[in-house]
Amino acid sequence: MKTINIWALCMTAVFVSFLGFVVENLWLAIAKGYMDNRNMCFPFLIGYGIAMLLVLGVLGTPKRPCLFGKRILVKSRMVRILFYFAGAMLCVCIGEILLGKLVEHTCHFYWWDYSKIPLHITRYTSIPTSAMFSAAITVFMDVVLKPLYHSFQRWNGGVLKVVVIAVVLLMAGDFLYNAYKMYKRQGMVRRWRIDTTAGFLYKRLHAQQ
């Protein structure tokens, strides 16, 4: 793979890290009635970018599915999509459990808790939430990944390299700093919070509660 392709892929992961921050806050705004900094200083959740790269390495893409680099030769698009969805769902479940348990045992608090959701598997993952994540992953990897990756390929090579290195260092530093703060506090690192209970969608969804 050419160097420029590597930088373009890394920039795609950076974008996904930002997208993860946005998606989590949109979900919180609708479901919980608030948005916050998600324990970070900057609007990036590096775990989403890393997860995208791992899923790409393990499963490939829905158009060219694989399993740890070995191509899965299936003609039916529907079967490929279902295979990819199932693989992504398994990855989500394992990843959430491992991350949740790691934080629980090192920082001694529950970062999130799905115990009240039907079909939960431990407090850290559930069939409904994993299915939603997996559907989003499948759509992104099938429809968005390739054009987004190619758009970054068209950047000037030197500029792309500088931007990737700067933002990745920023995200990594932000993550390590706040992970340390979480460990020391034994709890969340909340710097700001915005109430969204007055929002239209929140009111409509919670009108009967």
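The values are calculated or read from the model by the stated rules, or taken from the named source; none is laboratory data. Just so it is clear, the structure is predicted and the values come from calculations on it, not from any experiment. Positions of Cβ are backbone-derived with ideal geometry, glycine not excepted, and every protein chain shown enters the neighbour counts. We work out accessible area using only protein heavy atoms, side chains counted, and drop any ligands, DNA or RNA first. Shrake-Rupley method; radii C 1.70, N 1.55, O 1.52, S 1.80 Å.
Would you compute, from DSSP H runs of 4+ residues alone, the mean residue ellipticity of the chain at 222 nm, taking -39500 (n - 2.57) per run and dividing by the full residue count, rounded to the nearest 500?
-21500 deg cm²/dmol
Rank these by accessible area, largest first, 1.4 Å probe: His120, His105.
Descending order: His105, His120.
Can you give the accessible area per residue of region 1-76, in Å², using a 1.4 Å probe?
Details: 4050 Å² over 76 residues.
Roughly 53 Å² per residue, with all protein chains present.
Would you work out the relative contact order for the chain, in percent, from Cα pairs under 8 angstrom that are 6 or more residues apart?
Reported as a whole number, the value is 32 percent.
5 Å is the cut-off here: which amide hydrogens, built 1.01 Å from N in the peptide plane, fall below it relative to Ile121, excluding neighbours closer than 5 in sequence?
Ser126, Ile127
Based on alpha-carbon positions alone, could you give the equivalent ellipsoid semi-axes of region 139-197 from the gyration tensor, as √(5λ), descending, whole Å?
Over the Cα atoms of region 139-197, the semi-axes work out to 32, 19, 11 Å.
Quick check: at a probe of 1.4 Å, how many percent of the accessible area of region 67-209 sits on carbon and sulfur atoms?
Ligands and nucleic acids excluded, carbon and sulfur reach 69 percent.
Mind checking the full-extension length gain between Leu26 and Leu102? Use 0.36 nm per residue of separation minus the Cα-Cα distance, one decimal, nm.
24.8 nm is the gain from fully extending Leu26 to Leu102.
Assuming 0.36 nm per residue, please report the length gained on full extension of the stretch Gln186 to Ala86 beyond their Cα-Cα distance. Provide the component values of the computation, followed by the final result.
Details: separation 100, 0.36 × 100 = 36.00 nm, distance 3.46 nm.
Net length gain for the segment: 32.5 nm.
DSSP loop (so not H, G, I, E, B), at most 10 other Cβ within 10 Å: list which trypsin sites (Lys or Arg not before Pro) in region 1-46 pass both filters.
Loop-located and lightly packed - Lys2.
Calculate, in nm to one decimal, what Arg154 and Lys70 gain on full extension: separation in residues at 0.36 nm each, minus their alpha carbon distance.
Additional length available on full extension: 27.3 nm.
Among the listed pairs Lys70/Lys161; Lys70/Lys146; Lys32/Lys181; Lys32/Lys146; Lys63/Lys116, give every one whose C-alpha distance is greater than 26 Å. It would help to have the intermediate numbers written out before the result.
Details: Lys70/Lys161 30 Å; Lys70/Lys146 20 Å; Lys32/Lys181 24 Å; Lys32/Lys146 33 Å; Lys63/Lys116 36 Å.
Pairs exceeding 26 Å: Lys70/Lys161; Lys32/Lys146; Lys63/Lys116.
Looking only at chymotrypsin sites (Phe, Trp or Tyr not before Pro) in DSSP loops with at most 10 other Cβ atoms within 10 Å, what is the longest site-free stretch of the chain? Can you show the working numbers first?
Working: sites that count: Phe68, Trp192.
Result for the longest clean stretch: 69-191.
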